[in-house]
Structure formats: structure tokens, C-alpha cells
Amino acid sequence: MNPSTLSSKKTGQVSKSKLRRRKQLKPYKELPQNQTPSKCRVCGNPAIGYHYGAPSCNGCKIFFRRVIVTGRKIVCPKDNNCFYGIEVLELLFFSPDMSKRICRACRLKKCLEVGMNALAIEAEAISDEGKALRNELMRGKETIAVVSSLIVTEEDLLDRTIRQLKLIESKIEPLHRAGVPPGYRDVRHLEEILDAPVTLNISDIPNLKLCSHPCTLGNSTYRKPVNYEHSSFLAAIESSKMFDFSSKIDLDSKVALMKHTTVICSNMMNAYFSMNEMKSDVLLYPDGSHIKPSIGDVKLLQKTLFSFLNNKVDNIEYLLLKAIMMCNPVVHGINLEDQKTIEIERNRIMKSLLSYSLFQHGTLHGPSRVAEILALAPIIENQSKHQKDFHVYLNAKHFQEHLNQGQLVRKCISYSYDGILES
């Protein structure tokens, strides 16, 4: 065959494979990455590049090539359990040299699992066993592809988690930005909202009512403008319904969880929106107006925003941290069985945060970045607690002022809003 024809065919195959890979890019890989593979996917030692389709060190590259070329039969003396317990060591930020802890059979199996392609080895087999192994791999190429597709790697888990969180955020974003129309209030209690199907539009809220009496004090008449606080709370509540754990826990546990986490997640959405969308270092409403807190100290409402700015939190870190804060299994009022369900989801998201940090910052700085992100949790929790305390104080003060003037007209608020802030 003409060499030029072979070359053109090979080029065509390469271009097609490149296009296929581009279509399957992971969300986090769209971000800038200025580093070569730092870790061998087989043994955990420093990688020197991509070999036969996977990041690997020189030792694993040579090992894989030698086994495929010679075709030796190798058997694990531990029933293929050499990797048992090693993943736990990795999660504790200790990277064991797995090439010294596992047998040759398990090492070969790991090579195939992480994506090393035996068909990419160009050397000829030097024995009948090697030729038989090569032919077996050729015949079972499709089977190997199917098996490989069923193996869930850390990268796949991270990809799946990020896609899920991005989808949830895209669905609740319009609700977060909409705001409840001036003078209207949502008469539903938190239990009703959580027990209802997902509602993503203000117009779909059942029994949205216009306040019959505006809030009056003395000669002043005040009707609250667009209520962004309530729509932000609703966005946090509706997002919780789209998490995997939501359908597995009972209503009482959902209510207890959302009374604790709604303000937290709402503050995080407001902070990231102001920082990322509005490019602002102060809190802004979705219409661009400044949030004017009734609290004297403006810094109190902006603690979450300042922590995001100081730590340069990116979109995926924000989504993962918000999900971790949402999946809080130790909230008072959640039964033991539901705590376990929520904890499973939180651990999955925590593992994704670790994987993302390692991919973005490498094995040297990745763990410290995880610590930086998780250190924001107490700051965000503290802001939520102060807001709840001050809300109770304001309600008592407002009630007393009305009582002194012989007025007991309820403000234009929502029952769920009050129920959350008074919890």
C-alpha cells in the first residue's frame, strides 16, 4: 500500500480520536492547567508523562511493555486483593509506593484499569505466549472497552459530581434572581414547600398573596420592594430537593436540615453572585442595587463574600463547598438512619473536592487547598447564626412598636422565611 495513503489514514484516525476526546472533556478540564501529569495512575509514584494512554512512571511503563511483549502468565497470591486498604492511605494524604506493595498480576490489572492500551505497544511479541496474549487482546478489544467503561475512577466520580451540581445551579439560578413581587408574600410553611414538587418559577408558587395591609408605623406607610431574600431562600430549599439524599430521608429530617442550611446556602449564593457575576466586592441584589442591611455592621452580612474574595474561590470550589454545607448529617432533629444517608453523600462530595484540588494544584499543594476551602465553613456558619439572632431581635422590636401604637398588623413576610430565621 502507498505510504502516503497509510499516512493520510493514520492522520484521519488521529483527528477523529482528537475530536472524540474534545467532545468528552471533563468540566474541570476547561479550566487552565499548566502542569504535566504529576502522579502515576498505577503505583502513585511521580509520573514522567503519558505512556500507552495513561499517566505513568518509567517503571510501570517498562513493566507493562515487558509483560505484554513476553506474554507471561502471572497469578496473584492474595486473590487479587493487593490494593485492599491502599486507597485509605491515599485519602489520608499518605502516598505509599504501590509498586513495592502489590504483585505483578495486580499491577498489570491496575495498568489496564487506568487505561493503558496493550494494542499501542508497537514491539513484536518475542514468544508464542506473547503472540497468544496479543491475539487474545485483539479478539477481546470490544469486551475490554465495555469493561473499562464500567470502571468508575476518581476522575469519573469528580466529573459526575460536578455535572450534577452545575445542573442544579443552572436550574435554581432564575429563581434566585427573580425576587418576589412587591407587596406579595408566600403563605406556605417550610413543610409544605419541602413536601411539594420542585418549583423553579415565582409564578408557579401556589397561593402567592398580596398583603392586604402594608406595614405602617406612625404616619409612614411602607411596602417592601422586590423581595430577593425570600427568592434566595426558595432557591436554596428547591436545590435541596435535587440532591440524591432528598428522596431517601423523611420530611421531618428535611425540615430540620433546611432550617439549619437554608440561610447558609442563600448567603453563599448571594456572595458568589456578587463576586462572580457583578464583579463586586460588596453584596448586590440581582438588579444591581446595594443590599442595605438593617444590621448596623455591614461587615456582618459580608463575611461570606469577603472569605470568597480573600481565598479566590472558583466556581467548582464554590459548588462543592455549598453542597458540603448542605449535606450536614449532624444537624439536630435528623434521625440516625437519615444521618447515615446524608453522610454518604457528603463523603462523596468531600472526595470530589479532594480530587479536584489534587488535579488543579498537584499533590504538593492540593491537600492544603482543601484545608483552605473547608476553613471557610465556620465563617459561613457564624454569619448565619448572627443573622438568625438579629432577626429574632428585630421581630421583637417591631412587634413592640406596633403594640405601643395599638397596631398588630403582620409585616409582609413569609411563614417559611420567619420559620427558618427563628429556628
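Every number in this text was worked out from the coordinates using simple rules, so none of it is lab data. Remember, predicted model here, so these are calculated numbers, not experimental data.
When a/c is below 1.5 the answer is rounded, else prolate if a/b is larger than b/c, else oblate, so apply that to segment 312-399 with a ≥ b ≥ c taken from the square roots of the Cα gyration tensor eigenvalues.
Oblate is the answer for segment 312-399, as a/c is 1.5 or above yet b/c matches or exceeds a/b.
When a/c is below 1.5 the answer is rounded, else prolate if a/b is larger than b/c, else oblate, so apply that to segment 221-270 with a ≥ b ≥ c taken from the square roots of the Cα gyration tensor eigenvalues.
Here segment 221-270 falls in the prolate category.
With θ set to phi - 60° and the Karplus curve 6.51 cos²θ - 1.76 cosθ + 1.60, what are the ³J(HN,Hα) couplings of segment 332-348 in order, to the nearest whole Hz, using x for Gly and Pro?
Per residue, the Karplus-derived 3J(HN,Hα) values read 5, x, 8, 6, 4, 5, 6, 4, 5, 4, 5, 5, 4, 5, 5, 4, 4 Hz.
Let a ≥ b ≥ c be the square roots of the eigenvalues of the Cα gyration tensor of segment 237-321; is it rounded (a/c under 1.5), or, if not, prolate (a/b larger than b/c) or oblate?
Here segment 237-321 falls in the prolate category.
Binning at 5 angstrom from zero up to the longest distance, how are the C-alpha pair distances of segment 156-421 distributed in percent?
Pair shares across the bins are 1, 6, 12, 16, 19, 17, 13, 8, 4, 2, 1, 1, 0, 0.
If you average the alpha carbon positions of segment 336-396 and of segment 223-288, how far apart do those two centres end up, in angstrom?
So the separation of the two Cα centres works out to 15 Å.
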